[in-house]
Amino acid sequence: MKILFVADPLEVFQTYKDTTYSMMREAQRRGHSVAACEPRHISWRSGGVVTAQVREIRLTGVDDDWFIVTHEGVKALKDFDAVIMRKDPPFDSEYFYATHLLEQAEREGVAVFNKPAALRDHPEKLAIMEFAQFCSPTLVTRDAQEVRRFHAEHHDIILKPLDGMGGMGIYRVKADGLNLGSITETLNRDGATSLMVQRFVPEITLGDKRVLVIGGKPVPFSLARIPQGTEVRGNLAAGGKGVAQALSARDLEIANAIGPKLAARGLLLVGLDVIGDSLTEINVTSPTCFQEITQQTGFDVPAMFLDALEAAKAA
């Protein structure tokens, strides 16, 4: 297959842990050709097709100079066998526009994973609303008084923006309510922006588990991202320590209930965030942790992903 990865600039990849890099490496190992572009390189003109300024690359296996550009130029996306959308959040206006360009490329004949319409329909914080039976008590609102009432009921809460990633903008407010008003004003911009509030789950000390679901099937190991020191966030980007572990019975229950439904909607790769027994987020834009799980357990997550990709193309 000829595979195009739509991603962040190749020059910023941290190859020792980057999931997109591990996908590219496995694709090349299987004999597929690998190309890359950024969302800003994609364009469309009436009377024509969706194109992008593309770099065809070969991976070298060397950490510092990990890729060689073998060809560069404008190519139609429909000339690829598969397009993998791996641009990191934020899910801003430009990301939204990119999904529409990719959806047009789908109409022109290329298969895009994850499906652009499904990316739009499953914002990573709000997608849990469909599966509330697996979540801890949660509130989405702009209203500061609603936040105060939620705190009065649950006493120990987490507040976070709907468009954050990597633990950005997450706050904990305990029973004393210290700074609740100020934090709410910061996150909801004095009522202009919605935010999410969840009851604090004390099992965060055991890790914020990333449960990967590929082609509707759970990877048998999660990566528990464990907060360090006085930090409440387990995200690796916030300094959390990643420890791979076998899925619990509850992890499997959640993954088996959600995974097939999302796969049927065109979400080939999903990352469920589970703290204790509670689902907290559903990540669909660029779920990570492939390399950490593979290195610690020996289970080849990139191979599972390529198996699913090849099966999806053959279907």
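Could you look through region 270-307, keep only residues that are within 17 Å of the chain's Cα centre (by Cα) and of a type in the set (Gly, Ala, Ser), and pick out the one that is surrounded by the most Cβ atoms within 10 Å (Cβ to Cβ)? Once the filter is applied, the top-ranked residue is Gly271.
Specify the residue that is surrounded by the most Cβ atoms within 10 Å (Cβ to Cβ); the eligible residues are those in region 150-184 that are among the polar types (S, T, N, Q) and within 17 Å of Phe200 (Cβ to Cβ). This residue is Thr184.
From the list Gly169, Gly191, the one residue that fits, being at pLDDT below 95, among the small types (Gly, Ala, Ser), in contact with a Lys or Arg (Cβ under 8 Å, 6 or more places away or on another chain) and farther than 16 Å from Glu231 by Cα, is Gly191. Kindly indicate the residue of region 210-232 that is surrounded by fewer than 20 Cβ atoms within 10 Å (Cβ to Cβ) and at pLDDT below 95 and also nearest to the chain's Cα centre (by Cα) among those meeting that condition. For region 210-232, the residue satisfying everything is Ile226.
From the list Val83, Val69, Val147, the lone residue that is touching a strand residue (DSSP E or B) at 6+ places or on another chain (Cβ under 6 Å), surrounded by fewer than 18 Cβ atoms within 10 Å (Cβ to Cβ) and β-branched (Val, Ile, Thr) is Val69. Pairing each residue of region 57-68 that is farther than 14 Å from Arg29 by Cα with any residue that is basic (Lys, Arg) and surrounded by 10 or more Cβ atoms within 10 Å (Cβ to Cβ), provided the two are 6+ apart or on different chains, yields C-beta distances under 6 Å for Ile68/Arg58. In region 5-35, the residue that is surrounded by the most Cβ atoms within 10 Å (Cβ to Cβ) out of those that are among the small types (Gly, Ala, Ser) and in a loop (DSSP other than H, G, I, E, B) is Ala7. Annotation note: of Gly109, Gly167, the sole residue that is of a type in the set (Gly, Ala, Ser), in contact with a helix residue (DSSP H, G or I) (Cβ under 6 Å, 6 or more places away or on another chain) and over 19 Å from Arg199 (Cα atoms) is Gly109.
Checking region 30-53 against the condition returns a match, with at least one residue being without any contact (Cβ under 8 Å) to a residue 60 or more places away in the chain and touching a Cys at 6+ places or on another chain (Cβ under 9 Å). Where helices (runs of 4 or more DSSP H) fall entirely within region 93-156, those with at least 1 residues that are under 22 Å from Asn188 (Cβ atoms) are at 93-107, 144-154.
The values are calculated or read from the model by the stated rules, or taken from the named source; none is laboratory data. Keep in mind the model is a prediction, meaning the values are calculated, not measured. Glycine also receives a Cβ, built like all others from the backbone with ideal geometry; neighbour counts cover every protein chain displayed.
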